[in-house]
1. With θ set to phi - 60°, apply the Karplus curve 6.51 cos²θ - 1.76 cosθ + 1.60 along the range 102-112 and write out the HN-Hα couplings as whole Hz, x wherever there is a Gly or Pro.
2. Applying 1/(1 + (r/R0)^6) with R0 = 45 Å to the Cβ-Cβ distance of LYS311 and MET337, what FRET efficiency is obtained, to the nearest 0.05?
3. Please list, or write none, the lysines whose alpha carbon is within less than 23 Å of the alpha carbon of LYS243, excluding same-chain residues fewer than 8 places away.
4. By how many nm would the segment from ASP59 to MET181 lengthen if fully extended, with 0.36 nm per residue of separation less the alpha-carbon distance?
5. Going highest first, how would you order 214-223, 262-271 by mean Cβ packing within 10 Å?
6. At 1.4 Å probe size, with no ligands or nucleic acids counted, give the accessible surface of ILE110 in Å², nearest ten.
7. Okay, which of the range 137-158 sit inside 12 Å, backbone N to the point 7 Å along the Cα-Cβ direction of LYS223?
8. Can you give me the long-range amide H partners of ASP192? Hydrogens built in the peptide plane at 1.01 Å from N, cutoff under 5 Å, separation of 5 or more residues or another chain.
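The values are calculated or read from the model by the stated rules, or taken from the named source; none is laboratory data. A quick note: this is a predicted structure, and the numbers were derived from the prediction, not measured. Cβ placement follows ideal geometry from the backbone for every residue including glycine, while neighbour counts extend to all protein chains displayed. For accessibility, only protein heavy atoms count, side chains too; no ligands or nucleic acids. Shrake-Rupley method; radii C 1.70, N 1.55, O 1.52, S 1.80 Å.
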Amino acid sequence: YTILSKVHSDRNVYPSAGVLFVHVLEREYFKGEFPPYPKPGEISNDPITFNTNLMGYPDRPGWLRYIQRTPYSDGVLYGSPTVENVGKPTIIEITAYNRRTFETARHNLIINIMSAEDFPLPYQAEFFVRNMNVEEMLASEVLGDFLGAVKNVWQPERLNAINITSALDRGGRVPLPINDMKEGVYVMVGADVPFSSCLREVENPQNQLRCSQEMEPVITCDKKFRTQFQIDWCKISLVDNTKQVSTFQEVIRGEGILPDGGEYKPPSDTLKSRDYYSDFLITLAVPSAIALVLFLILAYIMCCRREGVEKRNMQTPDIQLVHHSAIQKSTKELRDMSKNREIAWPLSTLPVFHPVTGEMVPPLHADSYDNTSMPLMRTQQNLPHQTQIPQQQSAGQY
């Protein structure tokens, strides 16, 4: 069902149009063309990457894809050749890069596309396998198991793997690196007999309703795949080419030729001068005049329509003016008093003063003296210039 080949220098392969083609680029083959590992006796495991392109072009043909997960895994070329390339040899240049020594090795792969019998197969079904990556599905044993399961539920006389596409190429998202999640693979197969009743169960109204509600449809033949492949039956596509009507017959298309506009006449070399005076008036003069008028109206309202202080005083009651004047005088007096900072501080605010004369007492210690151990308050006996208050005496002494 598919053509598998290994890497050889200038290898010729003969895939069939419309049938899946897989070509493996094995790292073990290219290891022999690079210098040996520096330590004798150790097996070399150099990281090797591949670059593939059509000879004379920077990229591959549109039908051919390439994948290599890591520099320590083999590369795979895969795709489905088209009928347009039948009989035309396609030369693919394969360049291997040794990431340890930075050396390269180049080989050519000559693809001779042959025409397939009874192509294309009229009945085609595309399955979405959720638990596989594209390189895992391209393995010959895995792809053989999948085709065997499809053959059991379809029972065709001829079955071909037409194409394999990663879900990422269909707009899928990269899966999270948890629980060994896979990206998913679309596998298209073709057969020469109509679809089986099991595959037709997807089109039942009950299953369509379950799919619209994001529920698994009930498919009787799902157990044929469940042991190894997880099929998303809501994404299966069944195409019957025998009943399809080409759409180009219904759509009326033009001939693809532009109408004849006559002979081309380029503009003359001598262009007439154009008067931009009217454009100037429209773009600059008119908006400026409107802005000036609006400015004059605003200036008249703000400057010429003010009521004035005299009119305001005439409309205000006398008692309100008296109160306002008194408040202004008091405010002015308080402001004048606050400006005079040279008067003596009140005696009640002095830190230490004489209780009788009110004389300010000099500080008890210099500023540099450590007062951390001094008490917060001192007794009257320790205060200097302390006036002794006469003690009360008995009446017999007077």
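1. With coefficients 6.51, -1.76 and 1.60, one gets 6, 9, 10, 9, 10, 9, 10, 10, 9, 9, 9 Hz.
2. 0.85
3. The reachable lysines, counting only those whose Cα sits under 23 Å from LYS243, are LYS151, LYS235.
4. Taking 0.36 nm per residue and subtracting the Cα distance, the gain is 40.9 nm.
5. Packing order, densest peptide first, comes out as 214-223, 262-271.
6. Taking all protein chains as shown, ILE110 has close to 40 Å².
7. Backbone N within reach: none found.
8. Here GLU157, ARG158 satisfy the definition.
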